[in-house]
Amino acid sequence: MAKVVRIERLGGPEVLQIEELAIGEPAAGEVRLRVEAVGLNRAEAMYRAGRYPVPCELPSRMGYEGVGTIEALGAGVEGFAVGQRVCVLPMTTPAMGLWAEQAIVPARILLPAPPGLTPAEAASIWMQYMTAWALIEVAEIGIGDGVIVRAASSSVGIAAIQLANWAGSVSIACTRTSDKAEALRAQGAAHVVATEEEDLVARVMEITGGKGARTAFDPVGGPYVDTLARALAQRGILFIYGGLSEQPTPYPHWPCAMKGLSMRGWVASEIWNHPHRYKAAQERILAGLAGGQLKPVIARTFHGIDQLAAANEFLESNQQVGKVVVTL
C-alpha cells in the first residue's frame, strides 16, 4: 500500500485528499517508481479546478512531473535498471498520478536523472526548459535579440531568461509590479518591466534602440497580447504557451499585419512527439546543466505528501520566484 493523492471533486487545494492504495506491478512497457520529489505546475492547478483544456474525470489522481527511483520493470523495458534514478517527463495529462509515494508510469516518458542535481532540482527541469526551448528552436534567438518574458518569475520564465542569456540575447522580464524586480535581476534578467507601472512598448523600444524585440513568450494570454505585439520588431514572433488570464485572447491584427509578425501556440509536448527535435533539445539542455548556463531555481521545497495542499496554495499565491517542489 502507498499513500496517493486523489481528488473526487473540483476546486482549490482543499480538494486534495490522501488515500492508501495498492499500486501493483508494472505492465509491459511500464516501470514502478518510488517517487522522491515532484515539481508543481500551473496546468495541474487548472486541471484540479476544472479549467484545463483536457476535462478532469473524477475521481482523479494528480501530478505529472518529478523524479524517482525504479523499483520494478515491466516486460520489454530496456535501457533502465532497478535502483536507477529517473526523471518523469510531463507528456501526459496532469492526472498521471505522480503525487504519490509510488507510481507506475510508461518507460517512454523517462530519462536518466542528470548527475549532480538534488532530487528537488531533478524534479523540476524538463517542463520548464522544454517549454522555453521554443525561443531556441523556433525563434532562433541570437546575439542582441530582445526577448520579452511575461510572468517571468515562474519556473518557465526563469528558464526562458537563462536560455536567452546563454544565446547572447537581451532578456526583458515582465512582472506585474516592481515587487519582484530585484529578484528577477538576481536571476539574470537584463531588464525588468513592471507592466502595471510602466509602458512596456516604450521601455522595449528604449532597450532595443527603437527596433523592438525579436520575440515575446507569454503564458497568460488575454487582451495584453496586443501590447506585446506592438513591442515586437519586424517579423517578430509572439508565443502563447498558456491561458492563465482565462480571458479571450484576440489576434492583434494591425501590429501583426503592419510588421509581418507571427503569433503561434506552443506546448512542450510538441518536441516530445518528434524524436529528432526532442533529442537535439535534450542534448543542449543537458549540456547547459552540466556547464552551468542552465540551473533550476527552486522557490520553495515542501517536505512530505501531506504538504501538497500547502504547496499548491503557495504556487497559486504568486509569491514564488522559480519552481515549487514537494519531496516525498
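Here, each number is a calculation from the coordinates, and none is a lab measurement. Note that the coordinates shown come from a computational prediction; the quantities given were computed from them, not determined experimentally. So basically every Cβ, Gly included, is an ideal-geometry build from the backbone, and we count neighbours across all protein chains shown.
Points to keep in mind about this one:
- Per principal axis, descending, Cα span of region 101-195 in whole Å: 43, 30, 23
- Listed residues V31, V77, V220, most fluctuating in the chain (Gaussian network, C-alpha, under 10 Å): V77
- Rounded if a/c under 1.5, otherwise prolate or oblate - region 1-147, Cα gyration tensor axes: oblate
- Label zone (A257, point 7 Å along Cα-to-C-beta; backbone nitrogen cut-off 17 Å) within region 220-247: 226-227, 229-230, 235.
- Counting beta carbons within 10 Å around each of I104, I158 and listing the fewest first gives the order I104, I158.
- Computed [θ] at 222 nm, deg cm²/dmol, the chain (DSSP H ≥ 4; -39,500 (n - 2.57); rounded to nearest 500): -7500 deg cm²/dmol
- Candidates G157, G146, G288, ranked by Gaussian network fluctuation over the chain, Cα under 10 Å, top entry: G288
- Unit charges on C-beta of K, R, D, E only; dipole of region 129-270, Debye: 280
- Additional length obtainable on full extension of the chain from I18 to E137, 0.36 nm per residue less Cα span: 38.8 nm
- Candidates A181, A152, A27: whichever shows maximal mean-square fluctuation once the chain is modelled as a Gaussian network with Cα springs under 10 Å: A27
- Sequence of I143, I207 once ranked by neighbouring C-beta atoms within 10 Å, starting from the fewest: I143, I207
- Computed lengthening from E313 to Q293, 0.36 nm per intervening residue step minus Cα-Cα distance: 4.1 nm
- For the chain, excluding the exposed loop sites themselves (trypsin sites (Lys or Arg not before Pro), DSSP loop, at most 16 other Cβ atoms within 10 Å), the longest remaining stretch covers 52-175.
- For the pair region 195-248 / region 1-59, the C-alpha centres are spaced 34 Å from each other.
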